[in-house]
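Take a look at the structure set out below.
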Amino acid sequence: MAMYALGLSVLQDEISYEKTQVKQVAYADDLSGAGKISDLKKWWALVKENGPTKGYTPNATKSILIVKPEHYENGVRLFRNSGVIVTKDGQRHLGAVIGTDEFKAKCVGEKVSEWVKEVGVLSGMAKTEPHAAYSAFTHGLQHRWSFVKRTIPGISLLLRPLEESIRKTFLPALLKSKIIIGDSVRELLTFSPRLGGMGITSPEKLADEENRNSINLTNSLTEKIIAQDANGETDQNVILELKKTISRNRQSAQVESLERLKSVMLDDTVSKISTAQETGASSWLTCLPIREKGFSLNKQEFVDAVALRYGWPVEGLPKTCVCGDPNNVDHTMTCEKGDSCASDTMR
């Protein structure tokens, strides 16, 4: 990456803003420019002229000119026979999208459809290996859409089908519980394990916040690009402090939301959440389910552990203990004579 930057810096001296009136930025071998169409035409000519001698060979068929609808005909006219593709809709760029709202919705929709399928596959896995599926989701899959949330604004509603898939397909397959995944339960599960949740975040609810945080974190770099300041450097200490502030704000917001949620929960559930917040109480959730290390829970163990964590009904628990007393979770955990399968599992 550093060598790309060094190589392109020589070319950018030849096509600088002072010479072309085109504001530009390069990432690896991706060179982008913004300005008036007539200026972009001159800029493109300089790129073709100077690029090959500097080790950069532009490919017109992979180059896209994005223009506003009212400037489309002018763009087509100026770039006729250049090989450059002219569009008034938009184009994917470095994993994000530049263009109209309709094009953005189309691109994000395609990604969401792909992610929904992946959630479906993981849901099938959760039916037999819930612990592994949970770990795969929290440590892997849910980070697939992080970049899109950070770089494309206003997409929370576009992510709703993904949230619905998580809520209606993945969670029921994972938890195996008759508990209804209502708004309060879903919100509880979004909190970090340290706060008593499970860290199964909601892409729809986090999208706008993630985008704002990304804008704040990259603001100093954005300003330098707009000013075409090639010599200045971003202060990494400032960036680090911003990250810490964002982390603190996120944590504070979660604590406030949890306190609000507790006010509408049963006292027993609130007590269970407080227990789950104890040091080490969530280690079984956050660690990787490595079977060789004894960290992997089987299907029954994982489902029962989650049920006990939140005080939900434990499936398959006999109504009467072998000792003759009425049976419930507390009795099963303490009865010296209980020897049912459910009792053995829960012990």
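Values in this text are rule-based calculations from the coordinates and carry no lab data. These numbers come from a predicted model, not from an experiment. Glycine gets a Cβ as well: all are built from the backbone with ideal geometry, and neighbour counts include every protein chain shown.
Compute the signed sum of charges (Lys and Arg +1, Asp and Glu -1) over the other residues within less than 10 Å, Cβ to Cβ, of GLY154. Result for the local shell: -1.
Taken about its Cα centre, the range 103-276 carries a charge dipole of roughly 480 debye when the Cβ of each Lys and Arg holds +1 and the Cβ of each Asp and Glu holds -1. Give a quick list of GluC sites (Glu not before Pro) in the range 184-277 that DSSP marks as loop, anything other than H, G, I, E or B, with at most 11 other Cβ atoms within 10 Å. Loop-located and lightly packed - GLU233. Extension gain for the segment THR275 to ALA60, taken as residue separation times 0.36 nm less the Cα-Cα distance, is 71.2 nm to one decimal.
Given Cα pairs under 8 Å that are at least 6 residues apart, what percent is the relative contact order of the chain? List each step's numbers first, then the result.
Values: 394 pairs, mean separation 44.1, N = 347.
Dividing the mean separation by the residue count of the chain yields 13 percent.
Computed extension length for LEU308-GLU102: 69.5 nm, one decimal, from 0.36 nm per residue of separation with the Cα-Cα distance subtracted.
Cβ-Cβ distance of VAL238 and ARG260, R₀ of 30 Å, FRET efficiency by 1/(1 + (r/R0)^6): the value works out to about 0.35.
Looking at the chain alone, DSSP beta bridges between its own residues are antiparallel in about 75 percent of cases. Straight-distance candidates among the lysines for linking to LYS178, with alpha-carbon spacing under 29 Å and chain neighbours fewer than 8 residues away dropped: LYS117, LYS127, LYS168, LYS205, LYS262, LYS272, LYS299, LYS319, LYS337. Can you give me the C-alpha center-to-center distance between the range 7-47 and the range 56-110, rounded to a whole angstrom? Result: 16 Å between the Cα centres. The long axis of helix 299-310 is offset from the longest Cα principal axis of the chain by roughly 90 degrees.
Of the trypsin sites (Lys or Arg not before Pro) found in the range 65-138, the ones in coil according to DSSP and having at most 15 other Cβ atoms within 10 Å of their Cβ are ARG80, LYS127.
From the square roots a ≥ b ≥ c of the eigenvalues of the alpha-carbon gyration tensor of the range 238-311, which class results: rounded (a/c under 1.5), prolate (a/b over b/c), or oblate? Intermediate values should be presented prior to the final figure.
Values: a/c = 3.45, a/b = 1.26, b/c = 2.74.
Taking the square roots of the gyration eigenvalues as a ≥ b ≥ c, the range 238-311 is oblate.
For ASP208 and GLU73, the difference between the fully extended length at 0.36 nm per residue and the C-alpha to C-alpha distance is 45.1 nm.
Legend: residue pairs LYS23/LYS224; LYS104/LYS224; LYS176/LYS293, Cα-Cα distance threshold 19 Å; pairs beyond threshold, LYS104/LYS224; LYS176/LYS293.
Can you tally the net charge around LYS111? Count Lys and Arg as +1, Asp and Glu as -1, for every other residue whose Cβ sits under 12 Å from the Cβ of LYS111.
On the way: positive: ARG92, LYS104, LYS106, LYS117, ARG144, LYS149; negative: GLU110, GLU114, GLU118.
Neighbourhood net charge equals +3.
When HIS143, HIS131 are arranged by Cβ crowding within 10 Å, least crowded first, meaning fewest neighbours, the order is HIS143, HIS131.
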